[in-house]
Amino acid sequence: MKQPVRVTVTGAAGQIGYALLFRIASGAMLGDDQPVILQLLDITPALDALQGVKMELEDCAFPLLADVVCTDDPNVGFKDSDYALLVGARPRGPGMERKDLLEANAAIFSVQGKAIDQHASKDIKVLVVGNPANTNALITQRNAPSINPRNFTAMTRLDHNRAMTQIAQKTGKTVNDVTNMTIWGNHSATQYPDLFNTKVDGKTASDLVDQEWLENDFIPTVQQRGAAIIKARGASSAASAANAAIDHVRSWALGTEGDDWVSMGVYSDGSYGIEEGLIYSFPCRCNNGDWEIVQGLPVNDFSRGKMDATAQELAEERDGVKHLLP
Ligand SMILES: NC(=O)C1=CN([C@@H]2O[C@H](COP(=O)(O)OP(=O)(O)OC[C@H]3O[C@@H](n4cnc5c(N)ncnc54)[C@H](O)[C@@H]3O)[C@@H](O)[C@H]2O)C=CC1
Ligand SMILES: O=C([O-])CC(=O)C(=O)O
């Protein structure tokens, strides 16, 4: 049996947490042979609810669950942590954009970045889910200067999965036929889901649909899917978000399949002309617990405009939180 790894989940008493923890403990995220210690962090008023979640985790008798720690102290929550899923943040309501949450949520990530810097493993892999995810990931990263910036990522896998289903349904295929999907940019209404590099059954997806559907149906549907769920459910997506978080970390830790890639919000090294240092969603291949941006994909004028617009929004969000970026 491998040694257990420490997985910190923040906002563990919330909606996404409830859909996430049981799957991590079952081995769905890090594999059937990897025991985990869950370090669950939430705010003080949520600690009773968190104890209830811990009791339920115990009642599953998961063979891979070595221990569960519940705390309201980030210094305890991130102690020696190998993986951190930063979910704890306020969700948006109807009529809000995700960046409207910046004021409420940004401070959480500067505190947690500092705690990660001081207490976590220097090899920690961090996934930020709490919105606005890309800019919160940037805040976390900048507050943890002793850790490689590549170790901080933001979640666009939910958008990626949504886009796969939309194109599969449109072409009468299944998601098993869809590969090489890319979400570029911000997890926001400016994100750019790219069908020019996606394949369906080995054929280029943009050749299988008309430009009118691609521009006026597919792209806005993916961009607005979170808002559509909030309207329908009266609460933001939770189970699908938890599923995407599992997918994101699993790909990162255990690798991507063959030539396929996944979408991850990662530290830009200037690839595709995107300003260095932004946390921008790129096509990424993962191997040996590391990711790399897939290089050399063709970018037409239509894509270029959309990729730049979402980068511009990220630069504006960054400039709006300058005071939290040491
Ligand atoms: N990146 C993505 O694709 C997605 C992101 N989200 C975002 O995930 C976040 C969480 O969503 P839900 O679980 O539905 O919300 P929720 O309100 O059900 O749960 C949030 C939890 O975070 C806790 N929390 C608040 N401040 C905290 C702090 N400083 N430290 C630790 N925990 C703290 C709350 O007490 C609560 O238990 C929201 O910001 C939401 O917008 C949601 C869906 C998809
Ligand atoms: O839309 C929201 O606020 C929640 C979220 O990020 C998503 O479902 O993509």
task = Taking every Cα atom in the chain, find the radius of gyration and the maximum pairwise distance Dmax, and write them in Å.
result = 18.9, 55
remark   = Kirkwood Rh over alpha-carbon pairs of the range 1-114 plugged into Stokes-Einstein at 20 °C, 1.002 mPa s gives a D in µm²/s of 146
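Sort 101, 20 by Cβ crowding within 10 Å, fewest neighbours at the top.
The most exposed by this proxy come first: 101, 20.
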request  = Calculate, in nm to one decimal, what residue 111 and residue 189 gain on full extension: separation in residues at 0.36 nm each, minus their alpha carbon distance.
outcome  = 25.4 nm
inquiry  = Quick check on the range 220-307: take the gyration tensor over C-alpha atoms, sort the square-rooted eigenvalues as a ≥ b ≥ c, and tell me if it's rounded (a/c under 1.5), prolate or oblate.
reply    = oblate
request  = Treat each spin label as a single point 7 Å out from the Cα along the C-beta direction, and report the residue 288 to residue 165 distance in nm.
outcome  = 3.6
task = Provide 24, 230 in ascending order of the number of other Cβ atoms located within 10 Å of each residue's Cβ, fewest first.
result = 230, 24
remark   = What helix-only [θ] at 222 nm does the chain give? Using -39500 (n - 2.57) per DSSP H run of at least 4, over all residues, to the nearest 500, the answer is -11500 deg cm²/dmol
task = With a point put 7 Å past each Cα toward its Cβ, work out how far residue 174 is from residue 232 in nm, to one decimal.
result = 2.1
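At 0.36 nm per residue, and after removing the present C-alpha to C-alpha distance, how many nm does the segment from residue 216 to residue 146 gain when stretched out fully? If you can, show how the numbers build up before the last one.
Numbers: separation 70, 0.36 × 70 = 25.20 nm, distance 4.43 nm.
Contour length minus Cα-Cα distance gives 20.8 nm.
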query = In debye to the nearest 20, how big a dipole does the range 156-321 give about its Cα centre with +1 on each Lys and Arg Cβ and -1 on each Asp and Glu Cβ?
reply = 700
request  = With label points built 7 Å along Cα→Cβ from the Cα atoms of residue 300 and residue 319, find their separation and express it in nm.
outcome  = 3.1
inquiry  = Assuming 0.36 nm per residue, please report the length gained on full extension of the stretch residue 260 to residue 104 beyond their Cα-Cα distance.
reply    = 52.5 nm
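Computed from the coordinates by the stated procedures, all read-outs in this text should not be read as laboratory data. Since the model is a prediction, treat every value here as computed from it, not as a measurement. A quick note on method: Cβ atoms are made from the backbone with ideal geometry, for glycine too, and the neighbour counts reach across all protein chains shown.
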